[in-house]
1. Between residue A:182 and residue B:102, what is the label-to-label distance in nm when each label sits 7 Å out along the Cα-to-Cβ direction?
2. Apply 1/(1 + (r/R0)^6) to the Cβ-Cβ distance of residue A:287 and residue B:279, taking R0 = 56 Å, and write down the FRET efficiency to the nearest 0.05.
3. Roughly how many Å² is the accessible area per residue of segment A:1-147, as a whole number, for a 1.4 Å probe?
4. Would you mind giving the total buried accessible surface between chains B and A, with a 1.4 Å probe and ligands, DNA and RNA left out, rounded to the nearest 100 Å²?
5. Do any trypsin sites (Lys or Arg not before Pro) in segment B:209-292 lie in a loop, going by DSSP, with at most 12 other beta-carbon atoms within 10 Å of their beta carbon, and if so which?
6. If you roll a 1.4 Å probe over the heavy atoms of the protein chains, what accessible area per residue do you get for chain B, in Å²?
7. For chain A, what is the calculated [θ] at 222 nm in deg cm²/dmol (nearest 500), taking -39500 (n - 2.57) for each run of four or more DSSP H residues and dividing by its residue count?
8. Rounded to the nearest 0.05, what FRET efficiency do residue B:30 and residue A:195 have when you use their Cβ-Cβ distance and R0 = 51 Å?
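The values are calculated or read from the model by the stated rules, or taken from the named source; none is laboratory data. A quick note: this is a predicted structure, and the numbers were derived from the prediction, not measured. A quick note on method: Cβ atoms are made from the backbone with ideal geometry, for glycine too, and the neighbour counts reach across all protein chains shown. The area values use the complete protein model at the heavy-atom level, side chains included, leaving out ligands, DNA and RNA. Shrake-Rupley method; radii C 1.70, N 1.55, O 1.52, S 1.80 Å.
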Amino acid sequence: MDAIAVRDLTRKFGDFIAVDRISFDVKQGEIFGFLGSNGAGKSTTIRMLCGLLAPTSGSATVGGVDIRRDPEGVKRRIGYMSQRFSLYEQLTVNQNITFYGVIYGLGGAALDERRRYVLDLGRLGGLENVRARDLAGGWRQRLALGCAILHEPSIIFLDEPTGGVDPLSRRQFWRLIDDLSAAGTTILVTTHYLDEAEHCHRLALIHAGRLAAIGTSAELREVFSGRPVLEVQASQPVEVMRALETFEDVEKTSLFGMSVHAVLSAPDVDPAGLADRLRLLGLEVTSIERVHPSLEDVFLDVVERAGAQG
Amino acid sequence: MYTMLAVGGKELRQVWRDPRTLLILLFIPAFFLLLYGYALNFDIRHIALAVQDRDGTPKSRELISGFVNSGYFDLAAVARSEADIERLMNTNEIRAALVIPEDLGRRVRAGERATVQVLINGDNANTATTVMGYALRIVTSISGQLQPEQRIVERAPPLTIEPRVWFNPELRSTLFLVPGLIAYIAMITAVVSTALSVVREKERGTMEQVRMAPVGTAAFIIGKTIPYFGISLASAVGVVLASMALFDLPMRGSWMQLLLALSLYLVGALGTGLFVSTVADSQQMAFQMAIVVAFLPTLILSGFIFPISSMPGFVQLLTYVVPARYFLVALRSIVLKGAGPAAFWPDLVALAVYATSVMALASVRLARERR
Ligand SMILES: Nc1ncnc2c1ncn2[C@@H]1O[C@H](COP(=O)(O)OP(=O)(O)O)[C@@H](O)[C@H]1O
Ligand SMILES: [Mg+2]
């Protein structure tokens, strides 16, 4: 049975539809990524799945428990780390662990064992008596995760767990997530860092409350089969982009920093010929090559199509 | 039970470590007590008084000691003539003079009306009328037959009895106002501390994290309220003790009854704070709401400063949902009058009803918030 099964889940705030008939399944032990820009509806979906927010319509089961019928049962089975690391700033590492342990019904030897586990997992050894507010970002993040999984949940929801954390700590954090997943824990994680999405076994792209695409990152990239993506380096990227858009065999372009990505409308277009045509227009091209579409390409493409469909 | 203690213990540690909360809980009461206490101190004491006793009978001496023993007047001079008084007045050696006619003793004995003359320096019309109020009351308290003839020297305003006298027949404005101040300070500390503590958890996101755990709302609320109840009760008792030291507030009744009244009142106040926190999303909003639902009513609609009986009818109706109204009746009865529960039990019941309803309302709202 799937760890999480979501069917037509919808949430309205007044007339505004924050989450619009979303359906997907997450297998046990899977790291499932939820991708979307700010306001897409990621947090709202997670909060419904955690039993914190009642759906307007649709249904979902988490760990086999119906989120509408038994939100408290859901809570007992899952761990949740909200997008702000929810620690008590004034309390020490140890006191935060104790507090969260006790409200989850842990005590005595069980709590001590989990405390050791969490300190170890988060590499927090030696920092037990440091106040949460004095911890650096990466440590706070790992303490927050630790506090969320004190009760050994089999399913964990992480809402933008890496916001405001340095790249090194982010990498450490993902290693930790990989370990948890390898141990059989199901993880649903939201992010708007597309590079992090590569850590996820499967991804859902959501845009304006709708599920725009779902699959492994390789599957998602298939939207570009038959439509090669070229990366053009040039000294005047904006002008190059405008010129490319006038070409018949270029479907669309987008700017990635100082380089231009061009999606071709046919698989047999010659990159060199394209470069020559640009040079004829008096534009300098440093390099032009076919690239593997990035998730960002996929995301933009999917969002654009979703937009075109209305 | 254990979770309740955990919530409470955590809260206490946080309060201890968070200077802002401690400030609210400890210094604000002290600050308000001093600021308002002295600002509201309408009493004028140690008024230099000259006496011209043309009678020299026991009755006249009784009247003089009535003035001196009131605590308001200090005998500064014994005048021999009207000229004396005028001179003392002009040199500002005295602010008031009492002139007793030669036939006072005889007239009182004969059961006739007698007139005593009270002269007051009218430089400050407000002070003058207040002092006149005191004099009036002293004179009539000595004997109903005495007829004070009031004269305010210089730019004398027409003598009207100062409005304060209506709701403070003992003319002890400090004593009348201090209980109101106690109610006000207790309300502020209790409401602000709980409201801010919950809203801070919302702002930080810890509230959502706590709500994820299988803790019932009841355990959370009780756990959260207990430490603030203890702290605000201690703080309120401190304010009462300080009022006794600073403003001569008496304690004529039972401490147990006072603690009971205080506790009921504080539970209501803490509930109000919790309720505010279910509505407000930011500390700033919580503060503004607290002003509207708690501070202003306690200040204006409780009988603290303005007597309820002199309010327009519909405003009087409003005062029925202001817990300070009931608390003040109980507090004044216990502290000032030494009255037993017979005098104020309906008010205690009203306080209990308010506390229960507002707590229930806050719990329902807290439980429903996730929906
Ligand atoms: N409690 C709420 N009331 C009203 N609108 C809300 C509420 N929560 C979220 N929204 C709106 O729903 C949309 C989706 O929000 P959210 O799920 O937080 O997005 P994301 O996490 O993907 O950034 C946003 O437009 C947000 O403003
Ligand atoms: Mg979000």
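1. The modelled label-to-label distance comes out at 11.8 nm.
2. Values: r = 60 Å, r/R0 = 1.06.
Once the sixth-power term is evaluated, E becomes 0.40.
3. On the way: 5710 Å² over 147 residues.
On a per-residue basis, 39 Å².
4. Working: alone 17790 and 14620 Å², together 29630 Å².
Chains B and A together bury approximately 2800 Å².
5. Working: sites: B:211, B:224, B:252; in loops: B:252.
The qualifying sites are B:252.
6. Values: 16350 Å² over 371 residues.
Solvent-accessible surface per residue comes out at 44 Å².
7. Numbers: 10 runs with 108 residues, N = 310.
Taken over chain A, the calculation gives -10500 deg cm²/dmol.
8. Values: r = 55 Å, r/R0 = 1.08.
Between residue B:30 and residue A:195 the formula returns 0.40.
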